[in-house]
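Input: a single structure, listed below in structure tokens.
The values are calculated or read from the model by the stated rules, or taken from the named source; none is laboratory data. The structure displayed is predicted, hence computed values, not measured ones. Virtual Cβ from ideal backbone geometry, glycine too; neighbours counted across all protein chains shown. SASA here: full protein model, heavy atoms, side chains in, ligands and nucleic acids out. Shrake-Rupley method; radii C 1.70, N 1.55, O 1.52, S 1.80 Å.
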Amino acid sequence: MKKRILFTGGAGKAGRHVVPWLINAGYEVHNLDLTPLDSPGVTNLIVDITDSGQVYNALTMHRDFADLDHGRGVEPYDAVVHFAAIPRILIKPDNETFRVNTMGTYNVVEAAVKLGVRKIIVASSETTYGVCFAEGHRDFHQFPLDEDYDVNPMDSYGLSKVLNEKTARAFAERSGADIYALRIGNVIEPHEYADFPRYFADPEIRKRIAWSYIDARDLGQIVHLCIGKDGLGYQVFNAANDTVSANTPSRELAARYYPNVPFTREIGEFEGLLSNRKIREVLGFKEEHDWRNYVTV
Ligand SMILES: NC(=O)c1ccc[n+]([C@@H]2O[C@H](COP(=O)([O-])OP(=O)(O)OC[C@H]3O[C@@H](n4cnc5c(N)ncnc54)[C@H](O)[C@@H]3O)[C@@H](O)[C@H]2O)c1
């Protein structure tokens, strides 16, 4: 029997790559979004996740007409993957970004836990590290950015993601469910590697995100590994590729743009400053889409 995955925000930039990845890996995927994802095999339901009633309904109703035929009623989900959000500041007013992201996450996690789903994966963000949307220049506390960092963003989006991690942790504490928060780096779709030469020419462009990136398809692998790894309770994982999105060594970038930020350990020449060590060691992540496969330098 295929695992049944309920996915939110599948029509978005990340979801439209992650959902097909999961379907190819053998899952059934049902997408909840304000707009449908037009992709083979996925079923869609138009849902506003800020409305708790809609979210509970979506988790307890048939997915499509075929579901009526087997006569077994509504089958439970094996996992919920929650990506739906306002994905940065300056799209909506700050309070609306905060409301949609925090209430949406509360509603999705609450309904999933209370309906007995034992694996939930939520999209957090590298912006929790506090520099991406900061006022003026702000130093990170230290490099590399590991998951035990004291996150303290000053913007409504980053703050919403910190709160979402707390929501995830609270529900994991009470229920014993596995809830994994992914601090996703800058998502790169296949066509976006064309922008990399411009980034290399001016590394300052990606300074605020510490030159992190995650290939959208490698993000699919990470979600798949999270679905397959049980028993970890509440976890935070950085979701990033192995190296910086620059052709300048990591230490050189840090020395040039963050001269006052200390390193807590030795790192490889181009190793990512948003560290993916934990997903490699705990989940067995092996990147398949190094930018060097797509960009000539
Ligand atoms: N893109 C990045 O670089 C990046 C980096 C770090 C974290 N993230 C996080 O990853 C997730 C996916 O990001 P993305 O870039 O695909 O964003 P996106 O904006 O492209 O997609 C988000 C999806 O959520 C849906 N959505 C928004 N509000 C909704 C609501 N009230 N009800 C139902 N659906 C709603 C949108 O319709 C959209 O399809 C988000 O949680 C985002 O915060 C993204």
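Worth pointing out:
- Output for segment 107-131, where each listed residue is over 16 Å from the mean Cα position of the chain (by Cα), buried (at least 19 other Cβ atoms within 10 Å of the Cβ) and touching a residue at least 60 places away in the same chain (Cβ under 8 Å): A112, V113, V117, V131
- Single residue of segment 124-170 satisfying the filter (of a type in the set (A, V, I, L, M, F, W, C) and assigned to a helix (DSSP H, G or I)) that is nearest to I267 (Cα to Cα): V162
- If the condition is being within 16 Å of the ligand (Cβ to nearest atom) and open to solvent by 70 Å² or more (accessible area, probe 1.4 Å), then segment 132-169 contributes L159, L163, K166.
- The conditions of being within 18 Å of V117 (Cβ to Cβ), touching a helix residue (DSSP H, G or I) at 6+ places or on another chain (Cβ under 9 Å), in a helix (DSSP H, G or I) and of a type in the set (A, V, I, L, M, F, W, C) are met by V55.
- Yes/no for N44 being surrounded by fewer than 15 Cβ atoms within 10 Å (Cβ to Cβ) and either under 23 Å from N186 (Cβ atoms) or not charged (D, E, K, R) (or both): no
- Hits in segment 206-237 - residues which are among the aliphatic types (A, V, I, L, M) and not in a loop (DSSP other than H, G, I, E, B): I209, I214, A216, L219, I222, V223, L225, I227, V236
- Within segment 183-203, the residues that satisfy the criterion of being touching a helix residue (DSSP H, G or I) at 6+ places or on another chain (Cβ under 7 Å) and assigned to a loop (DSSP other than H, G, I, E, B) are G185, N186, E189.
- Residues that are within 16 Å of I5 (Cβ to Cβ) and either open to solvent by less than 50 Å² (accessible area, probe 1.4 Å) or near the ligand (Cβ under 8 Å from one of its atoms) (or both), drawn from segment 30-41: H30, N31, L32, D33, L37, S39
- Within segment 171-182, the residues that satisfy the criterion of being of a type outside the set (S, T, Y) and either more than 17 Å from L115 (Cβ to Cβ) or assigned to a strand (DSSP E or B) (or both) are E173, D178, I179, A181, L182.
- Segment 74-100: number of residues that are over 26 Å from G228 (Cα atoms), of a type outside the set (V, I, T) and either open to solvent by less than 40 Å² (accessible area, probe 1.4 Å) or part of a helix (DSSP H, G or I) (or both): 5
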